[in-house]
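Here is the structure we will look at, set down as C-alpha cells.
Just so it is clear, none of the values below were taken in a lab; they were calculated from the coordinates. Note that the coordinates shown come from a computational prediction; the quantities given were computed from them, not determined experimentally. FYI the Cβ positions are ideal-geometry reconstructions off the backbone, even for glycines, and counts take in every protein chain you see.
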Amino acid sequence: MSVLETFYSSKGPLGVWTPVVVVLLNALGVALGLGIVQLFKFLLKPQYDLAKLPQPPVGDWVLGHVKHLLRKDYHRVILGWAKQYGRIFKLRILNEWTVVITDPAAAAQVLASVPGRTHNYKHIDEVLGGPGKISMFGTPDEVHWRNARKTTAPAFSMANVRRYYGGVLSAAGELLSSLDAEQGALGAVDVEPLLQRLMLRATLEGLFEVPDATALPGFDDLASNILLLMAEANAQVTDPVRAFFYSTPIAPLVSKHVARCRAALKHVVVFHGKTAARILARPEPSPDNTLLWACLHRLRHPHTGRKLTAGQLHPEVGMYTTAGFDTTASTVGWCMYAASLWPEQQEAVAAELRAAGVFGPGAVVEVDEAEGQAGAKRPSLRLDAKHCPGPEELAKLPRLNAFINEVMRVFPPTAISAERLTPDYPITVMGMTFPPKTVLWCITYGIHMSDANWEEAAKFRPERWLEDSRCAFAKGPGAGGAAAAPAVGGTEGPAAAIGGAAEEEAPSTAPRRFLPFGQGPKNCVGQNFGITVVRAVVALLLSRYAVSLHPDMDLSPEGDTLGAGGGGDSAQGGSDGCRHSAEDTARLTHVAVITKLKKLRLVLQRRDRAAAAAGGGVMVGS
C-alpha cells in the first residue's frame, strides 16, 4: 500500500478520519515551523540599543507583556512601569518590541522626525468606514497624508474658527434646553449623550455648513453608531483573534454584537457618503474660500490628481466628523467631572466668569415652547450671539484656561495615542539607535502624569498654570532635546496659548511636556476649533449651573463601590459625600482611542435660581 493510500484515504488506520487527521497534523506542523522561523528571526534580528533598555518582567514567554495591556487600566500600569524603569523602556508584544517613551525631549524628537504610523490607525479607519476606506488619520501612505493635511489645514485658521463658532452657539441652545428638561424631570442628567449631540451639530452645521443637521436621516443614531464601532475597533487593536473573527463572513451570523456593528457601519457609511455628496454637489468654491467643506471640495486624489468621488471623500468626512465630536465632547465631560470633584476650583472659575460678564444677562433667551415628555410644554432656549463672548475673549480668561489645561493634563482624552513606526532602516533617538520597524509609543498619559516631568503630578492643581506662563514646557536638565517640528499649516490663535502666553515661542531646548493635541507634523489639525469649543461650552455650563456628581456615580459600571478613597495625593475630593480616589476614577474610565468616562451623571443647580433663593428675591427671565 502506497503512502498516499495509507494516510490520505479511508484505507488508513483511522478509516474515513485518516485524511482529516493527517491534514490537521500537517497544518499544525507548518504553523509550528513558521512559528519557529519567526522566533529565530526575532532572536537573530539586530537589536542595536534595544538590548540596553530596561523592561518589566515578562510573565508569558509567548505573549510577552500582552496580558498587562489587556487590563482596563493599562495606562496606569504603564505609568507605574515608567516610575520603576525610567522614562524610556521596552515591552514585548508577541514577537515585536515596543519602546515606551514618557520623556518629553525624546517624545518631541520622535513625533517630529518619525512619520510612520502603526497598523492600528489603519485598522481603526477600516472598522469605522469599511474595508479599504482609509483617511489621512490612518493612512500609511505619506503622500496621501501630506496631500490631505496640506489641503485642509487652512480650514482651521482663527478667521474660519470664528465663523464655525456661530454653529456652536446655535447648537448650545438645544443643549441647555435638554439639560434643563432632563434635570427637571429626573433630578439628574446623563451628560455625555447630550454633549455628543451638541458636537455633532457643531461639526456638521459649522465645519461642513450643513443646514439643520438634526433633520438629516440617521442623525439621531449617528453618535451611538460611531461609538459602537469605536469601541469595537479598540477591542480589536488589543485582540488580534477578535479582529480576525470580525472580518469573517460567518461572524454576523453567530454574533449579535457583530451583526449590530455591521448594521451600524452600514448606516454610518451611508450618512458620511451623503454628506460627502452634498459637499461635492456644491459649486466650485472660490480660491479664497478656506472653510473645511471648500477645502474638501477641492481635495484631489494624491496620485492621479483627479477630483474625488463621494465614495473616495467619505473617509475624510468621517474622520473629521468623528474627531470633531468625540474628542471634544469627552474633554468637556472630563471638565464637568473635575468641576464636581473639586468644587472650590469650580467656584473659582464661576466667579471669574461672573466678574467678566461671560454668558451673562441676555446671552440665553427663551424663544418658544417645545413639546416635552407626556405632552408637557417646556421652554426652548437659544443663545444670542450679541451677548456671548467671542473666541478671543474666552482665551483671555486665566482661571478658565488654567482649569481646562489641568483637566487635559490629568484626564487627557488621547491618553494612549501617538504611536510611531520606525522606517525600513535604523534610526537614532536621543543617542539610542533602534532597529527598523520598531514601534515607538509616546504615551500622553505617561508624559502628563510622571513625577519626573511634573511637580506633584498626581495633584489636580490648576494654579500651576497661573504661576508659570511656560508651564507646558519641560524644566531642568531633561529639557535639552530637539524641539518638535511645526504643524503643517501652522498654529495660531487660542490653541497656541495652551499652557502659556500666546505670543511666546518655545525655546529649542524646552520640549513640551503637555500634549493634549499631540505634537509635530501629525498633531491635531483642528486644535484651534477644538479648544475654542471646549472653552465656550465649559464657560457656558459653569456660568449657568453649579454641577455635582449624582450619588450613583459612587458605583462603577461593573458594580464596584466607589468613593472609598480618602487622603493621600491620589485622593480626588468631591461634594455631597461623593469622594473618588484615583483608583475609582480609573474604574470609571474607558481607555481607548478616545479615553472617556463610562458614565457621567450630574446634578445641575441653576446659579441664578440659587442666588435668587438665597437673597429672598424673585428671579426674572432665564
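Couple of notes before you dig in:
- Loop trypsin sites (Lys or Arg not before Pro), region 229-332 (other Cβ atoms within 10 Å of the site Cβ: 11 or fewer; DSSP): Arg306
- Under-5 Å amide H pairs with Ile101, H placed in peptide plane, nonlocal only: Trp441, Cys442, Ile443
- Proximity of backbone amide H atoms, modeled 1.01 Å from N, is registered between Ile427 and Phe434 at under 5 Å, excluding neighbours fewer than 5 places apart on the same chain.
- For the residue pairs Lys52/Lys150; Lys256/Lys307; Lys122/Lys598; Lys133/Lys396; Lys150/Lys459, the alpha carbons lie more than 30 Å apart in Lys52/Lys150; Lys256/Lys307; Lys133/Lys396; Lys150/Lys459.
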